[in-house]
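J.: Encoded as structure tokens, here's the structure I'll be asking about.
The values are calculated or read from the model by the stated rules, or taken from the named source; none is laboratory data. Since the model is a prediction, treat every value here as computed from it, not as a measurement. Cβ coordinates were reconstructed from backbone atoms using ideal geometry, including for glycine residues, and neighbour counts include every protein chain displayed.
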Amino acid sequence: MIPASFAYARPTTVDEALQAIAAGGEDVKILAGGQSLIPVMRLRLAAPETVVDITRVTELRGVREDGDSLVIGAMTTHHDVITDPLIAQYGKLIAEATETVADPAVRHRGTFGGALVHADPAGDLPAVALALDAEFVIAGLGGARRTVPATEFFVDYLTTALADGELLVEVRVPKLGSDWGVRYEKFNRVAQAWSIVAVAAAVRREGSRITEARIGLTNMGSTPIRARAVEAALVGADVSLETVTAAAAQAAEGTEPSSDLNAQADYRQHLARVLTRRAVTAAAGL
Amino acid sequence: MTLTEDPSTATPDAPAKEVGSARLRKEDARLITGKTTWTDNMVLPGMLYMSVLRSPIAHATISNLDVSAAKDRPNVVAVYTGQDFKDEQGSIPCAWPVTPDMVNPGHPSIAVDSVNHVGEAVAIVVARSRTAAVDAVEAIDVDYEPLPVVLDMEEAVKEGSALVHDHTESNTSYHFVFDAGEAGTGTDTDAAFDAAEVVVSRRFVQQRLIPAFMEPRSVVVGVTGDNYTLWSATQIPHILRVMAALTTGIPEHKLRVIAPDVGGGFGGKLQVNPEEILALLIARRLGKPIKWTETRSESLMTAHHGRDQVQFIDVAADREGNVKGLRVRLLADMGAYLRLITPGVPALGAFMFPGIYKFPAYRFECDGVFTNKVPTDAYRGAGRPEATFAIERIMDELAVELSMDPMELRRKNWINAEEFPFTTVAGLSYDSGDYEQATQAALELLGYDELRAEQARRRESGDPVQLGIGISTFTEMCGLAPSRVLGSLSFGAGGWEQASIRMLPTGKVEVVTGSTPHGQGHETAWSQIVADELGVPFDDVEVLHGDTAVSARGLDTYGSRSLVVGGTAVVKAAEKVVAKARKVAAHLLEASEDDLEFSGGRFSVKGTPGAGLAIQEIALAIFASHDYPEGIEPSIDAEAAFDPTNFSFPHGTHLCAMEVDTDTGFVKIRKYACVDDIGNIVNPIIVEGQMHGGLAQGISQALYEEAIYDADGNLTTGTFVDYLVPSAMDLPHFDTGNTTHAAPDNPLGAKGVGEAGCIASTPAVVNAALDAVRHLGVKDILMPMTPERVWRAIHQGGDGGARAAEGSNAYGGARTTESGIEEAAK
Amino acid sequence: MTQINVRVDGASYSDDVEPRTLLVHYLREQLGKVGTVVGCDTSNCGACTVHLDGESVKSCTVLAVQADGSEVTTIEGVADGATLHPVQKAFHEQHGLQCGYCTPGMIMASIDLLKNNPDPSEHEIREGIEGNLCRCTGYQNIVKAVQQAAGEMSSAGAHSVETTGAQA
């Protein structure tokens, strides 16, 4: 199919982009990688009045260090994330999850920021961002910038804290050093499919003890979810299959996953427990 | 691991043979460079594009249809509704009235005043561009008055069910029976069951599948005066020509149908599509060329689906494991209408339920049932995968009941090599084979004993990942088909095939075949055959097909028939060419015909070394025709039609080793090995490719694919996001092999290979998963075996049961019961 | 309408397009580059894969206007005159195609895969082409074709073969 007609703007700076969004009328869509937006427009499930294509806003691309943080430009493609040396050093969990997104051709176009703003709870990056306590740097018209923590960024199904007229500029995540182990444990029916459930786990070990744990759950609710109970149970615990299994048993606590063609809610909750055990086991180096 | 000698090896006395050699395909050059012609590539001067408005409601009357706004859109040439064509569109033809009293409600190409499935055409915009047509469709206003939606076959056949078609008495289209006792091919079935020591009954579900050929359907109609040319991405240009002429009233001789390169079909393009008829009607009305190309979501929603049966099967046996009787009752979902061979698909399967086993008694019954869904029709195997699944699944169930090894049970009952030809309880004469030989080879290929040992170790240790091995020892009927047999089954056409050979003056050869390929490689294989028969170079042969103006007679490609029937027609035509050339050669060489030998493309005179003529020289001589025998025509070209006397019966043993993660229900094929006997092989790489592709589709039925409708009759698996066609990551490596027992009923000795992998593999995969977890109490798992279903079957019993989504009708609550057949017998 | 300038398979084009025109439709309908085909509407099947500035993309999920100023290589531009690209040759020699409809996209994806990973394992090949669906082959011979091409390209020292533009 062919998308419905739309007005098209192709800014090259953030300021131009914000102006184009402001001038775009009632229904503006921001085209980042387009790998979700264009299919939806082809099926005419979306027919925006204006499309603001930010693929040429080069200032939004790339990964840099800022003290203890990695700063990932919203328009950095999945491919560039996977191949970035800083990500390889400090962002292994991001790399592992990004490698599972779609396929190589889609990863050449799809962007880190686009996937987060799309806020599909079945998408792989939101749970990772949440687990890492990412901070979302958002630009508004007139150059104003605000920072939103991940816990507040994902508001609902396909809904974020971005207001009309705003643009996600970059995402800050803490560097995880070599004392961290990570694992993105994804469960789907075929390689291309969205996650039925996935678990993003990062675990910091000191000797035989877990000192920090970050667990994010994909597709276990209308937004990504943090498995706080598991994290609490892990911190301070000795690294063993028993303690990990016991902690992971709490992975589904408080979740209200949906039922769809691939899984009913109770099965998703079961998977969350199994996959959390597997993710933490791997992340902890067991 | 072919167990025959390589026929391609040259000996001092005979030239190297093309047949049997691994020739690389001629077709590839244009396909790997992007230089081929797909129908959608065609552009004609003044061409208009049509876009179809489709019903979003499964069952409704159309109370208002306003196209005026669409007509006013820019670049729109015309907008049509069913009212515009109601007097000339006729009905999409159904060529297979399986019973004399079959109810065919008629199938309009475009709905006139009611719709019966989501996706049915309601209005058509014709515009100067694809974009303009698509845009204008959105401006059409339709009001529907919804009617009750009929989706579940088991509900649909109950007294008092809502009707799909209000002018029919029930939702049953036909009741088809084959009773071996009555046919004289077996004993009384009821008596066999009454006397049986053991009866095992099961209810199996063949889920609805979508052929999902990669090239979406596409149609272009060109108009020159009162002559029409229909290009279509079809498997059946010849059948389409006849049917389109009959349906539209365009005289057959004024209609030319061309199938250019066609991007896969798998039965899905064995159809007379509503859009083909509509494009012709519109081209006739406007006098302008018309193009229609579907989108993928349109294709999944409206191109015919496959399978969709509920099978009640029971088998009678004695305690020693000797089978005594087989009873099958099917509910087969027709969908809302009968398309080309919709009702015949289950009937074709009727004769294959006994499989390779010596059942003394057999009875088959099938109800064709209307529902408010897109019609079903042929999909790779068409009736035979369903039958093979049921028999191969229940043989495992019987083995469990008897505490026997499943292979031992099969051995005890299968036809032995020395018993061929063997007339089965269904009345078929199986031609040749050796099930034991194929089985032994497959067991070795799999590494059966080692995997069984590993299975025991995993079971012993309570490994969360359990291992199972599934068996499928199958046969199929191919080479469709002897025309008289098709006639006896009320099929609307014969099963012959046509070929002609044109000897060009420069020594090149044109072969015209009526068997139209869509990816199989006919051009290569037919060239190999002709190269051997005429002794001409492989590269000097051009194979022409798919255009009714070039290939006037043909019955096209389906049912693994091309090589067996169409290839044989090529052999027969070549024999005629040689016979005609022999007369000319004898004349020119001043020798008696009887003294001529033909070998390696050359006629030579026995006992006179050096004297001879190449067939190419004869072609040139007869082109000049200055000197040729009295009383013959000045041509050595020839034409032949071939009608087989029997089906062919490929067979094989397929083994699947499956890992089941009992924690998550995820299943993974560890190893897949199969050994197939498809008769003589013309081209081993093409054969292997056909096997791989068939395996992929059969495995995919077991694991991934299902067309799911919601409670309102909407297809929820309407894109490739939800209809899961496996990628390279989702399929295993296949280990394939062959045994060779030539088919006795055609000179090539070929049996057919296109459907084997698809027919055989599905039960092997399901049997493997069950073998892995049966000790945990699992008796059945519905297809596709989603992780959730496998997990539920292990941890909650039953067959994995209900599908998740609220409102889905995907046989969600169904449970396999031991008493299924009683329920079915009603 | 928006004007775009694109280099496709070594030739330069300047055209007016509607912003909503998909790159694949621009290639097929305005440039006649019908070697690249459309197989789905959700970017799942990969039949339309081309290289955009040297990277594989699904041309049904890129707007033509987004290719403005870029270099596009399609299946029609990978051979060097009459000499097939090693991946094309390998698909032929390993019988990596049947109906051939997925083949243009599959070959473009495979070339991209080998550019990034000249010596892939079977698993890496399967991962590399997971965005391209084939309904005919069961993938096994496609995997073999990519393996053959990898071998030939590395032994020829050609695995850094330029994949953008025609190689005149």
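J.: Do you know which of the residues in segment B:125-167 that are in a loop (DSSP other than H, G, I, E, B) and over 28 Å from residue B:205 (Cβ atoms) is farthest from the other protein chains (Cβ to nearest Cβ)?
T.: B:167
J.: Starting from segment B:663-676, take each residue that is on the phi > 0 side of the Ramachandran plot and list its partners that are assigned to a loop (DSSP other than H, G, I, E, B), counting only C-beta distances under 8 angstrom and pairs at least six apart or across chains.
T.: Within 8 Å, the pairs are B:665/B:786.
J.: Please find, among B:514, B:507, the residue that is over 20 Å from residue B:563 (Cβ atoms) and modelled with pLDDT of 95 or more.
T.: Values: B:514 fails: over 20 Å from residue B:563 (Cβ atoms).
Going through B:514, B:507 in turn, the sole match is B:507.
J.: How about segment C:42-61: which of its residues are out of contact with any helix residue (DSSP H, G or I) (no Cβ under 7 Å at 6 or more places or on another chain) and surrounded by 24 or more Cβ atoms within 10 Å (Cβ to Cβ)?
T.: Passing the criteria: C:44, C:45.
J.: Of the residues B:456, B:426, only one is without any contact (Cβ under 8 Å) to a residue 12 or more places away in the chain, out of contact with any His (no Cβ under 7 Å at 6 or more places or on another chain) and small (Gly, Ala, Ser); which?
T.: B:456
J.: Take the residues in segment B:562-616 that are of a type in the set (Lys, Arg) and modelled with pLDDT of 95 or more, then tell me which one is nearest to residue B:536 (Cα to Cα).
T.: Restricting attention to segment B:562-616, the residues satisfying the condition of being of a type in the set (Lys, Arg) are B:572, B:576, B:580, B:582-583, B:602, B:606.
Keeping just the survivors that are modelled with pLDDT of 95 or more gives B:572, B:576, B:580, B:582-583, B:602.
Details: B:572: 16, B:576: 15, B:580: 16, B:582: 15, B:583: 19, B:602: 9 Å.
That would be B:602.
J.: Against the definition (under 20 Å from residue B:40 (Cβ atoms), part of a strand (DSSP E or B), touching a residue at least 24 places away in the same chain (Cβ under 8 Å) and not hydroxyl-bearing (Ser, Thr, Tyr)), how does residue B:200 come out, yes or no?
T.: For residue B:200, the condition - under 20 Å from residue B:40 (Cβ atoms), part of a strand (DSSP E or B), touching a residue at least 24 places away in the same chain (Cβ under 8 Å) and not hydroxyl-bearing (Ser, Thr, Tyr) - is not met.
J.: If you don't mind, another one. Look at segment B:569-616 and say how many of its residues are closer than 25 Å to residue B:642 by Cβ and in a helix (DSSP H, G or I).
T.: Within segment B:569-616, residues that are closer than 25 Å to residue B:642 by Cβ and in a helix (DSSP H, G or I) number 18.
J.: Residue by residue through segment B:485-529, note down the ones that are within 14 Å of chain C (Cβ to nearest Cβ), touching a Lys or Arg at 6+ places or on another chain (Cβ under 9 Å) and closer than 18 Å to residue B:18 by Cβ.
T.: Across segment B:485-529, the qualifying residues are B:521, B:523, B:524, B:525.
J.: Next question, about the same structure. Residues in segment C:117-143 that are more than 7 Å from every other protein chain (Cβ to nearest Cβ), in contact (Cβ under 8 Å) with a residue 12 or more places away in the chain and either surrounded by fewer than 24 Cβ atoms within 10 Å (Cβ to Cβ) or out of contact with any Cys (no Cβ under 8 Å at 6 or more places or on another chain) (or both): how many?
T.: Looking only at that region, the number is 5.
J.: Continuing with the same structure: Of (1) under 22 Å from residue B:264 (Cα atoms); (2) more than 15 Å from the chain's Cα centre (by Cα); (3) crowded, with 24+ Cβ neighbours inside 10 Å, residue C:92 satisfies all except one. Which?
T.: That leaves (3) as the condition not met.
J.: Still on this structure: Looking only at residues in segment C:35-59 that are charged (D, E, K, R) and in a loop (DSSP other than H, G, I, E, B), which one is nearest to the other protein chains (Cβ to nearest Cβ)?
T.: Only one residue tops the list, namely C:41.
J.: Kindly check whether there is at least one residue in segment B:271-289 that is assigned to a strand (DSSP E or B), charged (D, E, K, R) and not assigned by TED's automatic domain parsing to the domain that holds residue B:392.
T.: The initial filter retains those residues of segment B:271-289 that are assigned to a strand (DSSP E or B), namely none.
Within segment B:271-289, not a single residue is assigned to a strand (DSSP E or B), charged (D, E, K, R) and not assigned by TED's automatic domain parsing to the domain that holds residue B:392.
J.: OK, next. What pairs come up if the first residue lies in segment B:250-269 and is on the phi < 0 side of the Ramachandran plot, the second is crowded, with 22+ Cβ neighbours inside 10 Å and acidic (Asp, Glu), and their beta carbons are under 7 Å apart, counting only those six or more places apart or on different chains?
T.: As it stands, the answer is B:262/B:215; B:263/B:215, since those pairs meet every condition given.
J.: Another question about this same structure. Find the residue count for segment B:168-197, including only residues that are over 16 Å from residue B:372 (Cα atoms) and either among the basic types (Lys, Arg) or in a strand (DSSP E or B) (or both).
T.: So the answer is 7.
J.: For segment A:227-248, does any single residue satisfy the condition of being within 30 Å of residue B:709 (Cα to Cα) and free of Cβ contacts under 8 Å to residues at least 12 places away in the same chain?
T.: Just the residues of segment A:227-248 that are within 30 Å of residue B:709 (Cα to Cα), to begin with: none.
There is no residue in segment A:227-248 that is within 30 Å of residue B:709 (Cα to Cα) and free of Cβ contacts under 8 Å to residues at least 12 places away in the same chain.
J.: Among the residues of segment B:26-35, which ones are touching a residue at least 12 places away in the same chain (Cβ under 8 Å), surrounded by fewer than 23 Cβ atoms within 10 Å (Cβ to Cβ) and within 9 Å of chain C (Cβ to nearest Cβ)? Before you say what the answer is, go through the steps one by one.
T.: We begin by selecting, within segment B:26-35, every residue touching a residue at least 12 places away in the same chain (Cβ under 8 Å); these are B:26-27, B:30-31.
Remaining after also requiring surrounded by fewer than 23 Cβ atoms within 10 Å (Cβ to Cβ): B:26, B:30.
Residue satisfying the conditions is B:30 alone.
J.: Same structure again: Run down C:64, C:82, C:156, C:109 and say which single residue is within 14 Å of chain A (Cβ to nearest Cβ), over 28 Å from residue B:699 (Cα atoms) and either in contact (Cβ under 8 Å) with a residue 40 or more places away in the chain or surrounded by fewer than 18 Cβ atoms within 10 Å (Cβ to Cβ) (or both).
T.: When all the criteria are applied, what remains is C:64.
J.: Shifting gears a bit: Any idea how many residues of segment B:307-351 are hydrophobic (A, V, I, L, M, F, W, C), closer than 26 Å to residue B:492 by Cα and over 15 Å from the mean Cα position of the chain (by Cα)?
T.: Total meeting the criteria: 9.
J.: Taking the conditions exactly as written (within 17 Å of the chain's Cα centre (by Cα) and crowded, with 18+ Cβ neighbours inside 10 Å), does residue A:57 satisfy them or not?
T.: No, not satisfied.
J.: Please specify each residue of segment A:235-286 satisfying the condition of being part of a helix (DSSP H, G or I), under 30 Å from residue B:722 (Cα atoms) and of a type in the set (Asp, Glu).
T.: Passing the criteria: only A:266.
J.: Have a look at B:274, B:251 and point out the one that is closer than 30 Å to residue C:99 by Cα, surrounded by fewer than 23 Cβ atoms within 10 Å (Cβ to Cβ) and not β-branched (Val, Ile, Thr).
T.: Of B:274, B:251, the one residue that is closer than 30 Å to residue C:99 by Cα, surrounded by fewer than 23 Cβ atoms within 10 Å (Cβ to Cβ) and not β-branched (Val, Ile, Thr) is B:274.
J.: Also: Among the residues of segment A:239-277, how many are acidic (Asp, Glu) and under 21 Å from the mean Cα position of the chain (by Cα)?
T.: Selection size over segment A:239-277: 1.
Here's the yes/no breakdown for (1) in a loop (DSSP other than H, G, I, E, B); (2) at pLDDT below 95; (3) β-branched (Val, Ile, Thr); (4) not assigned by TED's automatic domain parsing to the domain that holds residue A:162:
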{"site": "A:12", "(1), (2), (3), (4)": "yes, no, yes, yes"}
{"site": "A:15", "(1), (2), (3), (4)": "no, no, no, yes"}
{"site": "A:19", "(1), (2), (3), (4)": "no, no, no, yes"}
{"site": "A:26", "(1), (2), (3), (4)": "yes, yes, no, yes"}
{"site": "A:29", "(1), (2), (3), (4)": "no, no, no, yes"}
{"site": "A:33", "(1), (2), (3), (4)": "yes, no, no, yes"}
{"site": "A:39", "(1), (2), (3), (4)": "no, no, no, yes"}
{"site": "A:46", "(1), (2), (3), (4)": "yes, no, no, yes"}
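J.: From the residues in segment A:258-280 that are in contact with a Leu (Cβ under 9 Å, 6 or more places away or on another chain) and within 14 Å of another protein chain (Cβ to nearest Cβ), which one is nearest to residue B:794 (Cα to Cα)?
T.: Only one residue tops the list, namely A:263.
J.: Taking the stated definitions as given, is residue C:17 touching a residue at least 24 places away in the same chain (Cβ under 8 Å) and surrounded by 24 or more Cβ atoms within 10 Å (Cβ to Cβ)?
T.: no
J.: Considering only segment B:639-647, I want to know if a residue exists there that is modelled with pLDDT of 95 or more and more than 27 Å from the chain's Cα centre (by Cα).
T.: The answer is yes, given that some residue of segment B:639-647 is modelled with pLDDT of 95 or more and more than 27 Å from the chain's Cα centre (by Cα).
J.: Sticking with this one: Of these, B:122, B:98, which one is assigned to a loop (DSSP other than H, G, I, E, B) and of a type in the set (A, V, I, L, M, F, W, C)?
T.: Going through B:122, B:98 in turn, just one is assigned to a loop (DSSP other than H, G, I, E, B) and of a type in the set (A, V, I, L, M, F, W, C): B:98.
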